[in-house]
Amino acid sequence: MRLPKADIRYAIGASLISVIASSSGAASAYVKEGYTNLRIGGLASAAVVLFGLGLYLHRHGSEAPDYRIFKGEPADLSMESVESVAAFFIQCYPVAQKGRGLIMKAMRFHEHGGIDKLRYEDAPDPLPGPGEVVVRVKACALNYLDIWERVGLPGVTIPLPHISGSDVAGIIEAVGPGVAHVKPGDKTLVNPGISCMACEECYRGRDNYCRTYSALGYMTDGGYAELVRIPAVNALPYPEGLDFTDAAAIPLGFMTAWHMLVTRCNIRPGEEVLIIGAGSGVGSAAIQIARLFRARVITTAGGERKLQKALELGADHVIDHTKHRIRERVRDITRRRGVDIVFEHVGAATWEDSISSLAHHARLVTCGATTGFDAKVNLRHLFAKEITVMGSYMGSKHELLEVLKHVKAGHLRPVVSHIVPLEEAAAAQTVMEKREHFGKVVLQLD
Ligand SMILES: [Zn+2]
């Protein structure tokens, strides 16, 4: 066998092709992200090279000059031939980009701070480990938790860079070893509560009391991205009949409101409930749940448009907190008696009104404090009126399933305020911060 110059040209061409394929594998981009991704990047590159070469030879048959060289036959391998091989791989580049499965788009922040810290950028694809699945995100609803994560919470160390997002609806993209109940291509609604599933509380079905309990997107990367990795047990059956943005608007808001009213307060028919902040995701869910239990609902909101929407959701009385003092209106509506339950999540700004609106033997339940954590309680009122003040944190998997049954039956419905593309997540968070929404603000992905 002689070694014509064509062989050297071929070697140069093949090297060029390898470089193109390697960059498509993005191995170099992963040096910073860890050796696992780097190794997989390399393997993906090799696979792309071999696949492409195989396809090329299959297409051009055994008469292709480069194929004849492989067989040791002399062939006049012209530069055009090398270029045609290179051109073929360049054509493959977009396919390789898609197929390599290593880089996704995500909205991340690298440091805590203002809205300008959110960056729409490339991030490594999550890979499913044992008992995990990766979901292709179709919609991700916002929660105020996302804003706390970005701003930073005292004493809480969130891994950076971070991807927020707890409420995800999408399609299973990949499953890890040991996952049997879902498969790639299945639609799913993600349960945002992540727990160990092996402790006494988890076995009791009270996984939100698990010591490891956390929301998706809080300590782990969440749904402000094309892909998100979750424990497989969190992939729930999809609530058919709802589009992705409606489905994503359900989990955290409804399971939190359900846990507060049904599990913590044991709400009963005929009770009077003051729901602070009708326009929030959790508030709009609470109005519906209280009505489901035949309670009488008084709720607060700012502005005529939101008050009207609260009435449409089933509220019996609405209070415009920009015009009236909440405690005075509650006193009028309840004929000085006060309410049986106050549903709180606003915190410092409304706390005194909330406490003052309680009837004797009433209970106050709170799941958050978007306007600040410092609040006072007059202990004389607390003991003399036998008031109960309760904390509440998210909800259990079972409570979410209860909610979904009522959604299916048409008793509860997701309330979507704004639908925004992922790349405009900063604008979406601004809508929430300015309280321009009524219901959920939802990110939508293609
Ligand atoms: Zn547990």
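Full extension of the chain segment joining Thr157 with Asp116 gains 12.8 nm, where the gain is 0.36 nm per residue of separation less the Cα-Cα distance.
Shown in residue order for region 149-159 are the 3J(HN,Hα) couplings computed by the Karplus curve 6.51 cos²θ - 1.76 cosθ + 1.60 at θ = phi - 60°: 4, 5, 5, x, 9, x, x, 10, 9, 9, x Hz (x for Gly and Pro). The aspartates and glutamates whose alpha-carbon is closer than 19 Å to the alpha-carbon of Lys183, local same-chain residues fewer than 8 away aside, are Asp125, Glu132, Glu173, Glu226, Glu240. Taking amide H as placed 1.01 Å from N in the peptide plane, Val420 has its amide H under 5 Å from the amide H of Val442, Leu443, Gln444, each at least 5 places away in sequence or on another chain.
With coordinates expressed along the principal axes, the C-alpha atoms belonging to region 254-391 extend over 38, 31, 30 Å, beginning with the largest.
Between amide H atoms placed 1.01 Å from N, distances below 5 Å from Gly277 occur with Thr300, all of them 5 or more places distant or on a separate chain.
Remark: C-alpha extents of region 243-296 on the principal axes read 35, 20, 15 Å, sorted largest to smallest.
Among the listed pairs Lys117/Lys187; Lys138/Lys434; Lys138/Lys397; Lys117/Lys323, give every one whose C-alpha distance is greater than 29 Å. It would help to have the intermediate numbers written out before the result.
On the way: Lys117/Lys187 32 Å; Lys138/Lys434 25 Å; Lys138/Lys397 21 Å; Lys117/Lys323 35 Å.
Beyond 29 Å: Lys117/Lys187; Lys117/Lys323.
Converting phi to 3J(HN,Hα) with the Karplus coefficients 6.51, -1.76 and 1.60 and the offset θ = phi - 60°, region 334-341 yields 9, 6, 6, 6, x, 9, 7, 9 Hz in sequence order, with x at every glycine or proline.
Across region 229-244, computed HN-Hα scalar couplings (Karplus, 6.51 cos²θ - 1.76 cosθ + 1.60, θ = phi - 60°) run 9, 9, x, 4, 5, 7, 7, 8, x, 6, x, 4, x, 10, 7, 4 Hz from first to last residue, x flagging Gly and Pro.
Taking amide H as placed 1.01 Å from N in the peptide plane, Arg119 has its amide H under 5 Å from the amide H of Arg108, Phe109, each at least 5 places away in sequence or on another chain.
Read the figures in this text as sums done on the coordinates, not as results from a lab. In this text, all values refer to a predicted model and were calculated from it rather than measured experimentally.
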